[in-house]
1. Within the accessible area of region 35-191, what % is carbon and sulfur when the probe is 1.4 Å and the other protein chains stay in place?
2. Take the Cβ-Cβ distance between Arg110 and Cys183 as r, set R0 to 25 Å, and report the resulting FRET efficiency rounded to the nearest 0.05.
3. Could you check the spin-label model distance between Gln46 and Arg126? Points 7 Å from the Cα along Cα→Cβ, value in nm.
4. Suppose the chain between Asp150 and Arg174 were pulled fully straight at 0.36 nm per residue; how much longer would it get relative to their current alpha carbon spacing?
5. Calculate the length of the line joining the C-alpha centroid of region 47-81 to that of region 216-231, in whole Å.
6. At 10 °C and 1.306 mPa s, what whole-number value in µm²/s does Stokes-Einstein give for the translational diffusion of region 101-193, with Rh from the Kirkwood sum over Cα pairs?
7. In the calculated pair distance distribution of region 144-205, what percentage of Cα-Cα distances lie above 15 Å?
8. Explain nothing, just the number: dipole magnitude of region 95-243 about its Cα centre with +1 on each Lys and Arg Cβ and -1 on each Asp and Glu Cβ, in debye rounded to the nearest 20.
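The values are calculated or read from the model by the stated rules, or taken from the named source; none is laboratory data. Predicted model only: the values in this text are computed from it and were never measured. Backbone-built Cβ (ideal geometry, glycine too); neighbour counts: all protein chains shown. Accessible surface areas use protein heavy atoms only, side chains included; no ligands, DNA or RNA. Shrake-Rupley method; radii C 1.70, N 1.55, O 1.52, S 1.80 Å.
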Amino acid sequence: MMDKKIKNRVKDRFSREGHYPLRPAAEREADYQSFAAAGGKVDDAQLLQAFLRAIAPDLHDSEKIVVRLMARFGSLVAILSASAEELSEELKKHTSLIVYFQLIREAVLRSHLFHLKKEGIRHNIRWLYAYLRVMLSQEGREQARVLFFDSAKCLLAEKLMGQGTVDTAPVYPREVVHAAVNCKAQFLVLSHNHPSGDPSPSSDDLALTRHIQGAARLMNITVLDHIIVGQNSFFSFCDEGLL
C-alpha cells in the first residue's frame, strides 16, 4: 500500500502540472446515479459542472469556471466549438481542461462525420447542421467549406475552399467544381461562417451561390444547399427557397 506521504506528493505534483487524480469510485458512482435519475434532463451548466467534477475533482473554482464559460460562450456546444485560444482566455492556468475540451470537440466532430458518411443526408440533415455548427460557429475568421456527396447523398469528402478575414473568404467556382469532379460527387453543400454572429446572407453570398450553382450544373452536379453558420443560429438557402 502506498505511503500516505508519497500519495500526497503525487497528488500535489498532479495539481501543479494541471492534471487531476481520479475521484473515489463511490463519489463517481453517486454522480452517475444522480445523472441517471435525472434521465439526462440537465441543462448545459449542470452538465458542464458534472463534467468538471468527473475530470477535475480537486478543482476548487469549478463553479466560477462554469459561470465564466457559460457567460462567454452561451452554451455547451459553443464551448466545445471554441478554439484553444478562446478557451485559454477564460481558463488561463487550467491548461489540461483546454486539452480535455479539445478532445471532446474532436470526438464530437468524428461522430457527426461518421453519420454523414454512413447514413448521409437523404432522410436526416441534422447531422450536417450539427457538424457545421461545431466546426464553424466559433471561428474568428470566415471559412468556406464544401461538402461533397455521392448519389445516395452520403459524404464523400469535405474541403476547406477559402479562409480569410472577419467578413470575407475567397472562393472560386471553378475550384469548387474541379474538386467535386475529382471526388466523383453528384451533390455538394456550400457552407461558411459569419464571425459577426448574424447568419443572414450578403449580396456577395447570393451572387457566389448562383455562380457555383451554374458552374456545377454544367457538370451535372447539384448544389443541395448553402448553409451560413452564425454563433447561435444558421441560415439555409434551401430552406429559404433560394436554391
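1. On the way: 4500 of 8150 Å².
Summing carbon and sulfur atoms, their accessible area is 55 percent of the total for region 35-191.
2. Given R0 = 25 Å and the Cβ-Cβ separation, E is 0.80.
3. Going from the Gln46 label point to the Arg126 one covers 2.1 nm.
4. The Asp150-Arg174 span can extend by a further 6.7 nm.
5. Computed from Cα coordinates, the inter-centre distance equals 36 Å.
6. Approximately 116 µm²/s, per Stokes-Einstein.
7. Numbers: 974 of 1891 pairs.
Pairs farther apart than 15 Å: 52 percent.
8. Working: 15 positive and 14 negative charges, 119 e Å.
It comes to approximately 580 debye.
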